[in-house]
Amino acid sequence: MGQAQQKRIVLGLTGGIAAYKAAELTRLLVKQGMEVQVAMTEAACHFITPATMQALSGRPVLVNQWDAADNGMAHIDASRAADAIVIAPATADFIAKLAHGLADDLLSTLCLARDCPLLVAPAMNRQMWENAATQRNIRQLVADGVTLLGPASGMQACGEEGMGRMLEPAELAHDVLTFFQPKPLSGVKVLLTAGPTYEAIDAVRGITNRSSGKMGYAIAQAALELGAQVTLVSGPTALARPQGVQVVDVTSAAEMFAAVQQHAADADIFIGVAAVADYRVAQPSEQKIKKSADKLTLELIHNPDILAYVANLPKPPFCVGFAAESENLREHAAQKRRAKKLPLLAANLAQQAIGADENELVLFDDAGEHVLPRADKLTLARALLQHMIKLFQKG
Ligand code: CTP
């Protein structure tokens with residue numbers, strides 16, 4: 001926490017139902033030792049009162065641009081004093097204003113007049129989020145150097161389900177804190193594989209597995225938070241792409257191998273999280289196979305071991321492997337680490353891990369084993385990378 005304790009945040013609220021979550025966010029930021037100056041749009045005041053925000057932040061809330069109580073320069077003063085401005089919730093309308101540099105109320109003026117970083121937590125109905133105009137505005141904000149916090153996918157106030165929900169206060173507080181922390185992977189290139197692969201049998205059928213890609217995507221996100229430049233080679237998943245990560249979409253193990261070969265020479269760290277199919281069909285049929293025959297025999301041949309290939313390059317990046325075992329986790333994992341010559345391997349029980357939101361990992365390295373207790377995959381990813389950084393920096 002150290003450094004963050006003295007940080008000054010301007011927390012901007014705009015008019016969305018998620019504004020009620022800003023109360024808890026304020027409480028958490030203050031608890032983390034930050035000084036929080038709340039600024040609200042008129043619309044935000046319809047969802048939560050400035051009195052609530054004032055009580056939680058311990059300072060008068062900025063709302064009115066024309067308030068004569070100060071020297072009329074609140075927009076300049078507040079943004080000059082801030083180490084960052086955080087907009088949570090940020091409506092589609094406010095995001096559009098930011099993207100176009102409008103300044104027609106106190107909060108938007110404050111954003112335009114800032115000389116500090118801007119962090120934006122979108123909160124809106126999924127169709128507003130998916131709208132081409134919003135997506136265009138979001139791309140513009142990212143190009144302008146604005147940091148996006150979320151959004152998440154899930155149940156929405158309108159009863160619909162999808163992308164656009166604001167992150168929970170605890171996640172936002174964590175992200176704000178992380179934003180101020182040192183970036184130990186700054187300038188480091190991390191290459192990751194994630195998700196399942198799909199090996200075609202014929203034009204419409206194939207062999208795959210139940211990997212969701214959640215662990216790999218969580219590691220990509222965690223590496224990004226630590227300042228890394230992340231390339232994620234992803235098999236087919238239903239997950240949203242982490243903003244700021246370069247994603248290379250692949251389907252089969254052969255495609256994943258080709259993409260990794262292309263990027264490996266440039267990588268400082270390689271993390272193989274994908275559940276790569278060990279075998280593929282020797283001769284997939286271009287046409288759909290008819291059910292006319294009584295018996296159908298498929299010949300399967302080995303796929304290349306992508307992780308082993310990278311670990312055996314003449315100048316390999318620092319390699320981290322995963323092992324999904326269904327039994328004898330410790331023996332199998334330790335043996336796999338030796339066989340693939342990996343400085344670090346993370347093992348989990350396949351039946352608990354695959355597709356789940358939570359997991360438990362056992363890390364194996366030269367010093368022995370380290371248990372990362374059950375947690376959501378992003379928390380685990382962060383802990384795994386903290387452990388990895390120590391080894392990476394030593395090597
Ligand atoms: N892996 C890979 N390419 C493959 C198979 C596995 O890169 N063709 C990587 C995975 O991403 C993971 C590690 O190797 O990091 C271990 O994968 P796993 O399937 O658990 O082990 P295998 O080595 O395939 O051995 P087995 O299936 O016999 O347990």
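Taking the range 188-288 as the region of interest, the strands (runs of 3 or more DSSP E) fully inside it that hold 1 or more residues being more than 16 Å from the ligand (Cβ to nearest atom) are 189-194, 229-234, 246-249.
Each residue in the range 238-266 was checked for being crowded, with 19+ Cβ neighbours inside 10 Å and either outside the structural domain of residue 372 (by TED's automatic domain parsing) or touching a Gly at 6+ places or on another chain (Cβ under 8 Å) (or both), and 2 pass.
The residues of the range 327-360 that are near the ligand (Cβ under 9 Å from one of its atoms) and either closer than 18 Å to residue 192 by Cα or modelled with pLDDT under 90 (or both), listed by number, are 340, 342, 345, 346, 347, 350. Inside the range 54-68, residues that are polar (S, T, N, Q) and touching a Ser or Thr at 6+ places or on another chain (Cβ under 7 Å) make up a count of 2.
Residues in the range 60-80 include at least one that is of a type in the set (Lys, Arg) and surrounded by fewer than 18 Cβ atoms within 10 Å (Cβ to Cβ).
When you scan the range 317-324, do you find a residue that is in the same structural domain as residue 212 (by TED's automatic domain parsing), at pLDDT below 90 and within 13 Å of the ligand (Cβ to nearest atom), even just one? Please lay out each step first, then the result.
Residues of the range 317-324 that are in the same structural domain as residue 212 (by TED's automatic domain parsing), as a first pass: 317-324.
If we keep only those that are at pLDDT below 90 as well, we get 324.
Adding the requirement that they be within 13 Å of the ligand (Cβ to nearest atom) leaves 324.
Taking every residue of the range 317-324 in turn, at least one turns out to be in the same structural domain as residue 212 (by TED's automatic domain parsing), at pLDDT below 90 and within 13 Å of the ligand (Cβ to nearest atom).
Scanning the range 201-230 for residues that are surrounded by 23 or more Cβ atoms within 10 Å (Cβ to Cβ) and at negative phi gives 211, 214, 215, 216, 217, 218, 219, 220, 222, 223, 228, 230.
Within the range 100-112, not a single residue is under 23 Å from the mean Cα position of the chain (by Cα) and outside any strand (DSSP E or B). Residues of the range 1-16 that are modelled with pLDDT of 95 or more and open to solvent by 20 Å² or more (accessible area, probe 1.4 Å): 8, 15.
Just one of 301, 306, 289 is surrounded by 17 or more Cβ atoms within 10 Å (Cβ to Cβ) and at negative phi; which is it?
Numbers: 301 fails: surrounded by 17 or more Cβ atoms within 10 Å (Cβ to Cβ); 289 fails: surrounded by 17 or more Cβ atoms within 10 Å (Cβ to Cβ).
The unique qualifying residue is 306.
Restricting the search to the range 27-36, which residues are over 15 Å from residue 167 (Cβ atoms) and either small (Gly, Ala, Ser) or surrounded by 21 or more Cβ atoms within 10 Å (Cβ to Cβ) (or both)? Answer for the range 27-36, where residues must be over 15 Å from residue 167 (Cβ atoms) and either small (Gly, Ala, Ser) or surrounded by 21 or more Cβ atoms within 10 Å (Cβ to Cβ) (or both): 33, 34, 36.
The values are calculated or read from the model by the stated rules, or taken from the named source; none is laboratory data. This one's a predicted model, so the numbers in the text were calculated from it and none came from an experiment. Reconstructed Cβ throughout: ideal geometry from the backbone, glycine too, with neighbour counts over all protein chains shown. To get the accessible areas, we keep the full protein, side chains included, count just its heavy atoms, and leave off ligands, DNA and RNA. Shrake-Rupley method; radii C 1.70, N 1.55, O 1.52, S 1.80 Å.
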